[in-house]
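Before any comments, here is the structure.
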Amino acid sequence: MGISLSTAWNAFRYNNGKEIIREIKDLGFSAVELSFNLTEGIVRDIARLTEEKQISVRSLHNYCPVPEGLNREEALPDCYSLSSLDPEQRQKAVKYTKISIDTAFRLKAEAVVLHCGRVEIPDRTRELCIFYHDNGGLSSAPALRLKDKMCREREEKISGHLGAALRSLEELVDYAARLKVKLGIENRFYFREIPSFEEMAKVLERFQGANVFYWHDTGHAQLWENLGFVRHQDYLERYQQYLLGLHLHDIKGIQDHLAPGAGDFDFSVLKPYIKKDTIKTLEAHYPAGPREIVRAREFLEGLYG
């Protein structure tokens, strides 16, 4: 299978699906992942294009379309948390995830990519990132104290939130299975988000044999290595048997979502883990320009075939 492009790259430049897809097709892509900032109208536009065989949708990123009552800027993947301890909030997350699954079925997409919520603690990831470049570095005493504080805060609150995330997934698994849609659990960027590296095993083992899989994000995994939490390779080695898809973007230090080739990540390390049917999505964000996107596509196609 070829490389898809996430509409996260250009969605905010347009208010209709036709223009979003036209620009993407002009760059040589025949498949896309629909990002989480698309209105129902934009999704309908793209649905018509899929029916006309002008484009294929391989995956969707929850929530798609934008949940009712929210504008495009508010409709982030964590606007409703699947791990919320507030029953009303958690049920909203489940409700709109089911709508994403319905959308995937309607568009004949294979998978929905999920964020599984967060632990309700202050997120200090960006605070730790400051030490990556200065303030004495990540091995300095202040940085080590901060990491210890982050771990303690998360450990104190994780149990209830992880349990809530698993309950949400239990409600979603059968629903998605009936529609033959796979759920890809994405490794996360922020430290408070679920699942962590170890929690990913609990999620995947809990639903082993069901339609729940691992979705590997290159920039997120590399950030966790760069901040000294876990090696990028550990994700690939431990979860390769569950691998459904990839978000492919580059990272330079702590800045991710760069076009592949614009950062420091060695994309060749992924090659042994990629199977013929692995979904490969280029997930570069603005300000990557059209030329960078084309170069990235050609680079990835040359590397992975």
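Key figures
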quantity: Failed criterion for Asp234 (all others in (1) assigned to a helix (DSSP H, G or I); (2) closer than 25 Å to Glu110 by Cα hold); calculated: (2)
quantity: Subset of the range 38-74 (residues that are surrounded by fewer than 23 Cβ atoms within 10 Å (Cβ to Cβ), of a type in the set (A, V, I, L, M, F, W, C) and within 14 Å of Ser6 (Cα to Cα)); calculated: Val43, Ile55
quantity: Odd one out for Val66, checked against (1) part of a helix (DSSP H, G or I); (2) without any contact (Cβ under 8 Å) to a residue 40 or more places away in the chain; (3) among the aliphatic types (A, V, I, L, M); (4) touching an Asp or Glu at 6+ places or on another chain (Cβ under 8 Å); calculated: (1)
quantity: Residue match in the range 28-45 (condition: at pLDDT below 95, within 17 Å of the chain's Cα centre (by Cα) and not in a helix (DSSP H, G or I)); calculated: yes
quantity: Counted residues, the range 198-257 - those being of a type in the set (S, T, N, Q) and over 27 Å from Ser139 (Cβ atoms); calculated: 4
quantity: Top-ranked residue of the range 74-91 - restricted to ones that are touching a Phe, Trp or Tyr at 6+ places or on another chain (Cβ under 9 Å) and among the aliphatic types (A, V, I, L, M), ranked as nearest to Met200 (Cα to Cα); calculated: Leu76
quantity: Qualifying positions in the range 274-284 - touching a residue at least 40 places away in the same chain (Cβ under 8 Å) and either surrounded by fewer than 17 Cβ atoms within 10 Å (Cβ to Cβ) or aromatic (Phe, Trp, Tyr) (or both); calculated: Lys276, Asp277, Thr278
quantity: Residue in the range 57-74 that is among the small types (Gly, Ala, Ser), under 19 Å from the mean Cα position of the chain (by Cα) and within 17 Å of Gly184 (Cβ to Cβ) present; calculated: yes
quantity: Pro195 being surrounded by fewer than 15 Cβ atoms within 10 Å (Cβ to Cβ) and either closer than 27 Å to Lys95 by Cβ or of a type outside the set (A, V, I, L, M, F, W, C) (or both); calculated: no
quantity: Residue in the range 106-114 that is surrounded by fewer than 17 Cβ atoms within 10 Å (Cβ to Cβ), within 26 Å of Tyr214 (Cβ to Cβ) and either free of Cβ contacts under 8 Å to residues at least 12 places away in the same chain or acidic (Asp, Glu) (or both) present; calculated: no
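The values are calculated or read from the model by the stated rules, or taken from the named source; none is laboratory data. All values derive from a computational prediction rather than experimental measurement. Heads up, the Cβs are rebuilt from the backbone with ideal geometry, glycines too, and the neighbour counts pull from every protein chain shown.
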